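Asks: My structure is below; once you've seen it, I'll send some questions.
The values are calculated or read from the model by the stated rules, or taken from the named source; none is laboratory data. Note that the coordinates shown come from a computational prediction; the quantities given were computed from them, not determined experimentally. Using ideal geometry, Cβ is built from the backbone for each residue, glycine included, and neighbour counts are taken over all protein chains shown.
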Amino acid sequence: MRVALFLTCVNDLLYPDTGRAVVTLLERLGVEVDFPLDQTCCGQAHYNTGYRHETEPLARRHARVFAGYDYVVTPSGSCAAMVRDNYPRLGARARDEGRGDELAKALAGVPKTYELTEFLVDVLKVTDVGAYFPHTVTYHPTCHGLRMLRLGDRPRRLLEAVKGIELRELEGAEECCGFGGTFSVKNPDVSAAMGDDKVRNAESTGAEVLCAADNSCLMHLGGMMSRQKSRVRPVHLAEILASTEQRPLELPDQAGPVHVTTGSTVGEQR
Amino acid sequence: MSGTYLGLPSFPKAAHDSTRDTQLRANLTHATHTIRTKRATAINELTDWPQLRAAGAAIKDHTLHHLDHYLLQLEAAVTAAGGTVHWALDANEANTIATQIIKNTGETEVVKIKSMTTQETGLNHALETAGIHAYETDLAELIVQLANDKPSHILVPAIHKNRTEIRDIFTTHMTHWGRPAPDNLTDNPTDLAEAARLHLREKFLNTKIGISGANFMIAETGTMVILESEGNGRMCLTLPDTLITIAGIEKIIPTYQDLEVFLQTLPRSSTAERMNPYTSLWTGTTPHDGPHTFHLILLDNGRTDTLADTTGQQALRCIRCSACLNVCPVYERAGGHAYGSPYPGPIGAILTPQLRGTTTPLDTSLPYASTLCGACYDVCPVAINIPQVLVHLRERITQGGPTTTHGTRTTIQPAKGHRLERTTMRATRWTLNHPTALQHAHNLATHTRHLHPQHLPGPAHHWTDTRNLPPLPPHTFRHWWQHHHQTPPTTNTGKGTDTRSETATDTGTDTGTAGTDTGTGTGTGTNTQTDGGPQQ
C-alpha cells in the first residue's frame, strides 16, 4: 500500500504537529507513509476566492506529485473536498472553454484523496486506534467534512473509542465557525460574530478541548479563544488519536494556547 | 432591478452595523432557529424527500430550457381565458404598464398581496410618483410599510422586528394610512393580529384594484398560483374589480400535474407546514366570480441574461421558500437588509448579482457574503448548488470573462478594487508552484518568527482585530520530515513526475544536522509549542 500524506499548507507551516501526529498514528497502525516533498498547496484559497485560472497550475502540480500512489491521506476535510469536488470542475471548465481534455485527464490521475477519518474507518477498517486522552472534549464537525465529504459519524466513532476521553455535546455543532478562508478577512464582522458564538458554545460545554479535523477552522477559533483568554484549547483530531498512554498528548497549562504539541514523541518516531 | 436598493453600502459595511445590533441579532437568531428546527421535522416526515427534490429541480430545469415554448403557451392560455398578457423587459417597463392600467380605471388606490417581484421592480415607489397609493396587506409587509422600512426576509419580511416593536409601529402609524390601532394596544400576538385585521378589512372592502405576484404559472391552462398563510392574499385576489399579476418569467411550470411536487416541497421548506393554509388558483376571468379584468405582466429584468449562463442559471429554479436564509449563519448575523435587495441570504447572494449585474460595490460584494459552508445547498428543495454559483460569480468579479448583458454576449473586465488581492494571489500562486521558493519563504518566516507583528497591516488587520495569530513554530513539517523522519523517500513513479524533487539529497540518515537550528525558536515567550525537531 503506497500511502502519501497530503499535509496542506496551513498544517505544514503553522501546525506541523498535526502532520507528525498523522505520521505517528498511521505508522502505529502499520501503514508506511510517504510525504512527497514537491507538494505545496491544492489551490483552494485561490479557487474559492474566484481565481480559477491561478488555481490550474497548482492543481496540475498536485496531480503530478501524487500520481502513482494508492492512497492520498490528508488531515483536512476542506482540502480533501477541494481535490475531490473542485478538481473535476476545473477540468470540465477548461473543456467548456475549448481548451480540450488535457487538464481533465491530468486531474483525473489524482488517486482518491481520503480525509484522515475516512481512511481510518473505510480503508483501514478501524475505529479503535489505541489512543488514550484523559480529557473532556467537545467536537466541532467542520463544514466541508460534514457537507461535502459526508464524513458522518466517522470522527465521532473514532473519538468514542479513545480511552479516557469524555465527550461533551456542542450546541449548534453543525453551524459554520465563520472562517471560510478569505471570508474572515473580507467579512470580518460576520466572521467574528460567528466565531464568537462557536467559542461561547464550546465554553458552555465545560470541556477542556475543542476538537476538529481541520486546522484552518481551529486557527480561527483558537485565535479567538486565545484573544479572549478562554480555558478551552483547540486540538486537531489527529493529535488526540496519536496520543497514547506511553506518549500522551499534554495540554499546556496556560489559558488560550493556539495549538499544542505532540511533545516528546517527535524526533523519535519513525 | 429597482433603483430602490441602489446606493446602499457594500455587504461588509452594512454587516458592520447590523452585527452590532444586539436586538436585531437576538430577533433573527430566535426566528431562524425556530423555523429551521420545525422545517427539519416536516421534511423528515417524507420518505421520498430526495426524489421530490430531484423532481422539483428537473421540472424547473426542463421548463427553463424550453422557456420560449412554455411562455407562448401560457400567453395563449391566459388570453383564451379572458386575460391580457403584457411583456416587460425591465423593472421600469413593468411599472409603467401597471401604472397605465391603473390610470385607465381612474382609481388611485390599490391593495397588494405580498410580492417580491414588485419589490424587485420598486412598484410601490413608482405608483406613489404617479399619485397612486399601494397598500400592502400581508401582515409582515404591512408592518414594514407602516414603519417605512424594507423587508429583510423572503418569507417573514418583518423578521427583524419583535412584537413590542410591532405594537409601537401600529400605534404610531396606522392612523396615517386608515383605521387607527385600538387604544391601549398590547403586544399580545392575538391583539396585534386583530388590529391588523380591522385596519385591513377597510382597505379590502373599498379598493377596486388588486396587485399580486405568482408563486407558479401553469402554462397548459394559464393558471396563476399563490400560496399564503393569512388569507389576506385571497381577499386581494377575489374582491377587487381589476387584478394585475406581475411575475418573473421563471415562475412558469408546464402542467397542473407538476404543481403536485411543489405543493409538497414549498410549504415544508418555508413554513414547515405539510400544507399551507391558503392555496389560490385563478385562470383569466370568470363571470360573476372575482375580478372582471385580469392583466398578467411577465417580467424579464435580467432573467434571460441569467439563463444564458450555464452555471448561474440554476438560481432561476428558486421557488422563494427561504429555507436557505433560515440555515445561513451569515444571514443570521448580518440580517436581510445588508444584502441590499428583496432577495437576501444565500439565494440573494447569487440571484441579485445575476439579475442586476456586478457593477456596484454592493453587487460585487454579495458573492463573497458566504463562507461556502454548504448548509444552503443541503436544504434547498430544488437543489440549487449555491456554493458552486457563488464561486462562479467570484470568478466573474476577479477575473472578468464572458457574460450576457441585455441579450448580448460580452466579455466583462474584472471588477474594480481587487488589484492588491489579484497581485497577492498571483504571487502566492507563483511561490506555491515553486517548492524551492516556498521552502525559502517558509525558512524566512520561521527564522524571523520572533519579529512577527501581533497586528497585521493592510486588509489582514481584520484578522488580528479580533483574533490572535497562531505562533509560528520553529520548523515546518517538511523540515521535520526531511531531517528527522527516517523513511527513505519513495520516488514518485507516476506519469509526468516532477524530477526536481528536493528529497534527492535526503537518503534517510536521521542525523542531528538540523541541530544547527535549535536556537531559532528561543526568545518568543508566547510560543507554547515545543520545538519538535532537534531536541534529542
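Asks: Only residues in region B:118-130 that are closer than 14 Å to B:Ile244 by Cβ count as the first member; pair them with residues that are in a helix (DSSP H, G or I) and of a type in the set (Gly, Ala, Ser), Cβ under 7 angstrom, at least 6 apart or cross-chain, and list the lot.
Replies: As it stands, the answer is B:Thr121/B:Ala91; B:Thr121/B:Ala94; B:Leu123/B:Ala98, since those pairs meet every condition given.
Asks: Would you check which residues across region B:247-275 are part of a strand (DSSP E or B) and under 21 Å from the mean Cα position of the chain (by Cα) and list them?
Replies: First, the residues of region B:247-275 that are part of a strand (DSSP E or B): B:247-248, B:252-253.
Once the filter is applied, which keeps residues that are part of a strand (DSSP E or B) and under 21 Å from the mean Cα position of the chain (by Cα), region B:247-275 yields B:Ala247, B:Gly248, B:Ile252.
Asks: So, one more: In region A:10-46, what count of residues is obtained for those that are under 30 Å from B:Ile397 (Cα atoms) and more than 7 Å from chain B (Cβ to nearest Cβ)?
Replies: Residues in region A:10-46 being under 30 Å from B:Ile397 (Cα atoms) and more than 7 Å from chain B (Cβ to nearest Cβ): 6 in total.
Asks: Mind checking which pairs have a first residue in region A:180-200 that is more than 18 Å from B:Pro367 (Cβ to Cβ) and a second that is of a type in the set (A, V, I, L, M) and assigned to a helix (DSSP H, G or I), Cβ under 7 Å, 6 or more apart or different chains?
Replies: Between residues of region A:180-200 that are more than 18 Å from B:Pro367 (Cβ to Cβ) and residues that are of a type in the set (A, V, I, L, M) and assigned to a helix (DSSP H, G or I), the close pairs are A:Gly195/A:Leu221; A:Gly195/A:Met224; A:Asp196/A:Met224; A:Lys198/A:Leu221; A:Val199/A:Leu221; A:Val199/A:Met224; A:Val199/A:Met225.
Asks: While we're on this one: Here is a list: B:Arg422, B:Arg429. Which entry is surrounded by 13 or more Cβ atoms within 10 Å (Cβ to Cβ) and farther than 25 Å from B:Pro353 by Cα?
Replies: Every option except B:Arg429 fails the conditions.
Asks: Every residue in region A:194-242 that is in a helix (DSSP H, G or I), surrounded by fewer than 22 Cβ atoms within 10 Å (Cβ to Cβ) and away from every other protein chain (no Cβ under 11 Å), please.
Replies: Answer for region A:194-242, where residues must be in a helix (DSSP H, G or I), surrounded by fewer than 22 Cβ atoms within 10 Å (Cβ to Cβ) and away from every other protein chain (no Cβ under 11 Å): A:Arg200, A:Asn201, A:Glu203, A:Ser204.
Asks: Consider B:Leu307 carefully, then state whether it is farther than 30 Å from A:Gly172 by Cβ and surrounded by 24 or more Cβ atoms within 10 Å (Cβ to Cβ).
Replies: no
Here is a yes/no grid of residues against (1) in a loop (DSSP other than H, G, I, E, B); (2) within 31 Å of the chain's Cα centre (by Cα); (3) surrounded by 17 or more Cβ atoms within 10 Å (Cβ to Cβ):
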site: B:Tyr135; (1), (2), (3): no, yes, yes
site: B:Ile143; (1), (2), (3): no, yes, yes
site: B:Leu155; (1), (2), (3): yes, yes, yes
site: B:His160; (1), (2), (3): yes, yes, yes
site: B:Asp168; (1), (2), (3): no, yes, no
site: B:Ala195; (1), (2), (3): no, no, yes
site: B:Leu205; (1), (2), (3): no, no, no
site: B:Leu227; (1), (2), (3): no, yes, yes
site: B:Glu230; (1), (2), (3): yes, yes, yes
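Asks: Just the residues that are crowded, with 16+ Cβ neighbours inside 10 Å and within 14 Å of chain B (Cβ to nearest Cβ), please, taken from region A:119-163.
Replies: A:His140, A:Pro141, A:Thr142, A:Cys143, A:His144, A:Gly145, A:Leu146, A:Arg147, A:Met148, A:Leu149, A:Leu151
Asks: Another one. If a residue has to be in a loop (DSSP other than H, G, I, E, B) and touching a strand residue (DSSP E or B) at 6+ places or on another chain (Cβ under 7 Å) to count, how many in region B:66-81 make the cut?
Replies: Total satisfying the criteria: 1.
Asks: Return the total of residues in region A:1-23 being buried (at least 22 other Cβ atoms within 10 Å of the Cβ) and in a loop (DSSP other than H, G, I, E, B).
Replies: Looking only at that region, the number is 4.
Asks: While we're here: Considering every residue within region A:24-41, establish whether at least one is under 26 Å from A:Val129 (Cα atoms), touching a helix residue (DSSP H, G or I) at 6+ places or on another chain (Cβ under 6 Å), touching a residue at least 60 places away in the same chain (Cβ under 8 Å) and crowded, with 22+ Cβ neighbours inside 10 Å.
Replies: yes
Asks: Could you please let me know if A:Leu90 is within 8 Å of chain B (Cβ to nearest Cβ) and either more than 22 Å from B:Gly374 (Cβ to Cβ) or modelled with pLDDT of 95 or more (or both)?
Replies: no
Asks: So if I check each of A:Val83, A:Val72, which one is under 17 Å from the mean Cα position of the chain (by Cα), more than 9 Å from chain B (Cβ to nearest Cβ), under 30 Å from B:Leu469 (Cβ atoms) and assigned to a helix (DSSP H, G or I)? So that I can check it myself, show each step before the final result.
Replies: Numbers: A:Val72 fails: assigned to a helix (DSSP H, G or I).
Every option except A:Val83 fails the conditions.
Asks: I'm trying to understand the selection: among the residues of region B:35-56, which are closer than 19 Å to B:Ala315 by Cα and in contact with a helix residue (DSSP H, G or I) (Cβ under 6 Å, 6 or more places away or on another chain)?
Replies: B:Leu52, B:Ala55, B:Gly56
Asks: Let me ask something additional. Quick check on this structure: which one of B:Gln439, B:Gln454 is loosely packed, with under 11 Cβ neighbours inside 10 Å, within 13 Å of chain A (Cβ to nearest Cβ) and either outside any helix (DSSP H, G or I) or not β-branched (Val, Ile, Thr) (or both)?
Replies: On the way: B:Gln439 fails: loosely packed, with under 11 Cβ neighbours inside 10 Å.
Just a single option satisfies the conditions, and that option is B:Gln454.
Asks: Here's a follow-up. Identify, by number, the condition in (1) more than 7 Å from chain A (Cβ to nearest Cβ); (2) assigned to a loop (DSSP other than H, G, I, E, B); (3) at pLDDT below 75 that B:Gly519 doesn't meet.
Replies: Only one criterion in (1) more than 7 Å from chain A (Cβ to nearest Cβ); (2) assigned to a loop (DSSP other than H, G, I, E, B); (3) at pLDDT below 75 is unmet by B:Gly519, namely (2).
Asks: Another question, then. Out of B:Ile384, B:Ile350, which single residue is at pLDDT 90 or above, assigned to a helix (DSSP H, G or I) and aliphatic (A, V, I, L, M)?
Replies: B:Ile350
Asks: Go through (1) facing chain B (nearest Cβ under 10 Å); (2) farther than 25 Å from A:Phe179 by Cβ; (3) touching a Gly at 6+ places or on another chain (Cβ under 6 Å) and name the single condition A:Leu103 misses.
Replies: Against the list (1) facing chain B (nearest Cβ under 10 Å); (2) farther than 25 Å from A:Phe179 by Cβ; (3) touching a Gly at 6+ places or on another chain (Cβ under 6 Å), A:Leu103 comes up short only on (1).
Asks: A further question on this structure: Consider B:Tyr331 against the criteria (1) away from chain A (no Cβ under 14 Å); (2) part of a helix (DSSP H, G or I): it satisfies all of them except one. Which criterion is unmet?
Replies: B:Tyr331 satisfies every listed condition except (1).
Asks: Only one residue in B:Gln23, B:Gln100 is closer than 21 Å to B:Glu128 by Cα, exposed (fewer than 14 other Cβ atoms within 10 Å of the Cβ) and not aliphatic (A, V, I, L, M), so which one is that?
Replies: B:Gln100
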